[in-house]
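The values are calculated or read from the model by the stated rules, or taken from the named source; none is laboratory data. Just so it is clear, the model here is predicted, and its values are computed rather than measured. Here the Cβ is made from the backbone with ideal geometry for all residues, glycine too, and neighbour counts use every protein chain on show.
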Amino acid sequence: MDKNLKKQQEVYDKSWRSSLKSGKEERGNLQTNLDFLAETNLLKQNYKILEVGCGIGNIVVELTAQGYDIIGRDISREAIAYGLKKYPNIRIEVQPAEELKFEDDTFDIVLSFDLFEHIVQIDKHISEVFRVLRPGGYYMFQTPCKYSNIIFETIQTRTLQWRNYHPSLHSPGQLRRRLSRHGLKARFVKMNPINEFTIKKFKKLGPIGNIFKYINFRRVPLVLQTNLYVIAEKIRQ
């Protein structure tokens, strides 16, 4: 692991330590992420699945219980240690998203949720995902939409500090083009993320946040989605 990744690891160890101390175990919209996986109907029992940026392993736990062959990797030592203590029967280890220690063509599916936007060396990450995917395999992930996230974070924090923790925000078009350059053909799935998790998050915007619980985001244009749910197929070697 190079020095820049080690610095990132220290940052995320500190962040996870603080979150877990306060009782916050889940950083993303777990239910909508699971709904996305179920609706796509792409996961098969005989597939080998990798989740990158697995945190404490909540997705890994859910899919393992459903009989899937899945392992998880995360850069945070704090998250992995906590996850292994809470879920001793799952397979998760410390590993950065930019350096996947697997042979070429190992996995049928690679997953990530609330990870893509945090990665500084995003092209290195995508190259690694492409490498470890088998031909015809899928990178299935979720990441905030650039336009909506910039507005949300700027209003919430009243600063531009989101640039530090979300260095790789993309619009749908930017995301499609970047993935294509790495041999991955992307399509998008609109999800309606409104549930207890997002309603609590929108409350940070004040009274205006109450409006969002009445919106069905499946009917909203792709560029105005809160999050982009992506299925990217490996189309070339």
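Which one is surrounded by the most Cβ atoms within 10 Å (Cβ to Cβ), of the residues in region 182-206 that are assigned to a helix (DSSP H, G or I) and either under 18 Å from the mean Cα position of the chain (by Cα) or at positive phi (or both)?
Top of the filtered list is THR198.
Taking the stated definitions as given, is GLU51 at pLDDT below 95, of a type in the set (D, E, K, R) and within 20 Å of VAL94 (Cα to Cα)?
Criteria not met by GLU51.
I'm checking my understanding of the structure. Among residues of region 1-24 that are assigned to a loop (DSSP other than H, G, I, E, B) and without any contact (Cβ under 8 Å) to a residue 40 or more places away in the chain, which one is farthest from LEU133 (Cα to Cα)?
Looking at residues that are assigned to a loop (DSSP other than H, G, I, E, B) and without any contact (Cβ under 8 Å) to a residue 40 or more places away in the chain, I get SER22.
Within the bounds of region 217-224, is there any residue that is over 28 Å from GLU25 (Cα atoms), in contact with a Leu (Cβ under 6 Å, 6 or more places away or on another chain), surrounded by 14 or more Cβ atoms within 10 Å (Cβ to Cβ) and of a type in the set (A, V, I, L, M)?
Within region 217-224, none of the residues are over 28 Å from GLU25 (Cα atoms), in contact with a Leu (Cβ under 6 Å, 6 or more places away or on another chain), surrounded by 14 or more Cβ atoms within 10 Å (Cβ to Cβ) and of a type in the set (A, V, I, L, M).
Being touching a helix residue (DSSP H, G or I) at 6+ places or on another chain (Cβ under 8 Å), among the hydroxyl-bearing types (Ser, Thr, Tyr) and within 23 Å of PRO193 (Cβ to Cβ) narrows it down to one residue among TYR87, TYR139; which is it?
TYR139
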